[in-house]
Each structure stands twice: as structure tokens, then as C-alpha cells.
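Notes follow the structure.
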Amino acid sequence: MVDTPEEILLRLCRQQDLPDSAVLDMVALQRRLYPRASLLYWAVVDYGRPSTEGRLFVFDTLECSVQRFLVAHGSGWEANADPSRAVCFSNENGSNASSLGVCRASETFFGGQGLSLWLDGLEPSNANMRARNLVMHGAPYVTQAHIREHGALGLSDGSLAIEPEYSAGLINMLQGGSFINCIGGDR
């Protein structure tokens with residue numbers, strides 16, 4: 001018997017010590033909003049982990065595999081004693097905070113950071129992502145070298161800033177409808 005995509009995602013999620021809800025929330029929205037979509041790639045950003053760890057998890061349901069990548073969080077309103085930890089989340093314009101919840105990777109464009117990917121928030125907690133110009137893009141402050149020099153990644157405007165060396169591949173992988181769930185909380 002062949003595993004369903006949901007079973008594969010749950011198994012991969014558990015292998016990474018992520019809560020089942022990280023996957024189940026995405027699957028529920030996909031079934032409700034895009035029931036005919038058959039998605040190969042899904043992703044979870046776990047803001048409960050420090051930025052010094054790979055906390056962007058990309059799940060491949062065909063290969064039954066997971067890849068982990070560095071991702072920065074937004075600077076937010078509040079000064080944070082530990083810049084490696086995301087403590088402020090918002091859906092408000094001008095907050096510079098990351099948003100929590102499920103979003104859908106949409107179309108690509110070339111912006112100030114090069115190849116970028118529009119993200120459309122699908123929940124009340126992130127419905128303003130596009131209006132806030134929150135995207136996925138590569139950034140020079142998202143590297144192991146930056147961590148060695150500064151002790152943490154740099155901070156974004158709330159966008160999913162990722163490692164430049166992987167940005168084109170990740171963006172091309174996720175574009176066109178993949179779901180990304182940004183989760184937070186104490187871990």
C-alpha cells in the first residue's frame with residue numbers, strides 16, 4: 001500500500017521534531033481552498049528554533065525527504081536581547097515582524113534582492129503578507145559566515161530571507177502553489 005501525501009508529510013514532520021499541526025494545518029487549507037492541487041513540495045518555518053539552526057524545512061513528497069535551510073526572521077517592533085530568537089510576530093504594515101500561519105508560494109519576480117517569490121497569506125494572522133511586500137528572497141546576512149561573525153543571522157523586514165546560494169533553487173521549487181507554514185512559540 002502506498003502512503004498518501006499526508007502520511008508522508010506527517011512522518012517527515014515527526015522525524016524533524018515538528019508538531020503534527022505544522023503539516024495538518026497546511027493540508028486542511030489545501031483541501032479547502034485548492035482541492036485539485038497535487039503538490040510535490042511543502043515547507044515549514046519553525047521560528048521557535050534559533051536562527052543559527054536550519055529552521056526552514058522543505059518536504060519532498062515524491063522522494064520522501066526533508067531538506068533544512070537557514071532563514072531569517074523579521075526585526076519586529078521590540079528590541080530583543082537575543083537576535084537569534086524571533087519574539088515578535090505581526091500582520092500589520094510597518095511592523096517589520098514575521099507573520100505566523102500558512103501561506104502559499106505564488107509567482108516569482110526580480111526585485112532589489114534578485115529572484116524573489118511572492119507569498120500569499122491564507123489565514124487572519126498573515127493575510128497582509130502581499131500588501132506588506134513579504135516575500136522569499138536570498139540575502140547576504142543569511143549565511144554561516146554571518147553567524148560566525150555576529151552570532152546570529154541578520155534580521156529581515158518580515159520576509160523569508162534565505163541563504164543566497166540556495167535561493168534560486170528553493171524559489172523555483174516552491175513557486176506556483178506550494179504551502180509554507182510559519183510556526184512559532186517556545187521550543
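The values are calculated or read from the model by the stated rules, or taken from the named source; none is laboratory data. Predicted model, so just to flag it, every value in this text is computed and none were measured. Every residue, glycine among them, receives a Cβ derived from its backbone with ideal geometry; neighbour counts consider all protein chains shown. Heavy atoms of the whole protein, side chains included, go into the accessibility calculation; ligands, DNA and RNA do not. Shrake-Rupley method; radii C 1.70, N 1.55, O 1.52, S 1.80 Å.
On the basis of being under 16 Å from the mean Cα position of the chain (by Cα), among the acidic types (Asp, Glu) and open to solvent by 10 Å² or more (accessible area, probe 1.4 Å), does residue 60 make the cut? So that I can check it myself, show each step before the final result.
Numbers: under 16 Å from the mean Cα position of the chain (by Cα): yes; among the acidic types (Asp, Glu): yes; open to solvent by 10 Å² or more (accessible area, probe 1.4 Å): yes.
It is true that residue 60 is under 16 Å from the mean Cα position of the chain (by Cα), among the acidic types (Asp, Glu) and open to solvent by 10 Å² or more (accessible area, probe 1.4 Å).
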- Options 160, 117, 155: the member that is open to solvent by 30 Å² or more (accessible area, probe 1.4 Å) and either within 25 Å of residue 34 (Cα to Cα) or of a type in the set (A, V, I, L, M, F, W, C) (or both): 155
- Task: Would you tally the residues in segment 36-78 being part of a strand (DSSP E or B), in contact (Cβ under 8 Å) with a residue 60 or more places away in the chain and among the β-branched types (Val, Ile, Thr)?
- Result: 4
- Message: Can you tell me which condition residue 167 does not meet? The list is (1) over 27 Å from residue 39 (Cα atoms); (2) in contact with a His (Cβ under 7 Å, 6 or more places away or on another chain), and all the others hold.
- Response: (1)
- Message: Among the residues that make up segment 98-110, is at least one of them outside any strand (DSSP E or B), modelled with pLDDT of 95 or more and not basic (Lys, Arg)?
- Response: yes
- Query: Within the bounds of segment 138-160, is there any residue that is without any contact (Cβ under 8 Å) to a residue 60 or more places away in the chain and part of a loop (DSSP other than H, G, I, E, B)?
  - Reply: yes
- Query: Which of (1) at pLDDT 95 or above; (2) open to solvent by less than 10 Å² (accessible area, probe 1.4 Å) is the odd one out, the single condition residue 68 does not satisfy?
  - Reply: (2)
- Considering 183, 162, which residue is within 18 Å of residue 104 (Cα to Cα) and in contact with a Pro (Cβ under 8 Å, 6 or more places away or on another chain)? 183
- Message: Quick check on residue 128: is it among the polar types (S, T, N, Q), modelled with pLDDT of 95 or more, part of a loop (DSSP other than H, G, I, E, B) and more than 15 Å from the chain's Cα centre (by Cα)?
- Response: yes
- Got a sec? Which of 86, 22 is touching a residue at least 40 places away in the same chain (Cβ under 8 Å) and open to solvent by 10 Å² or more (accessible area, probe 1.4 Å)? 86
- residue 7 passes all but one of the listed conditions (1) in a helix (DSSP H, G or I); (2) closer than 20 Å to residue 174 by Cβ; the exception is number (2)
- Query: When you look at residue 48, is it under 22 Å from residue 125 (Cβ atoms), buried (at least 17 other Cβ atoms within 10 Å of the Cβ) and more than 11 Å from the chain's Cα centre (by Cα), yes or no?
  - Reply: no
- Filter pass, residue 38 being surrounded by 15 or more Cβ atoms within 10 Å (Cβ to Cβ) and either touching a helix residue (DSSP H, G or I) at 6+ places or on another chain (Cβ under 9 Å) or among the hydroxyl-bearing types (Ser, Thr, Tyr) (or both): no
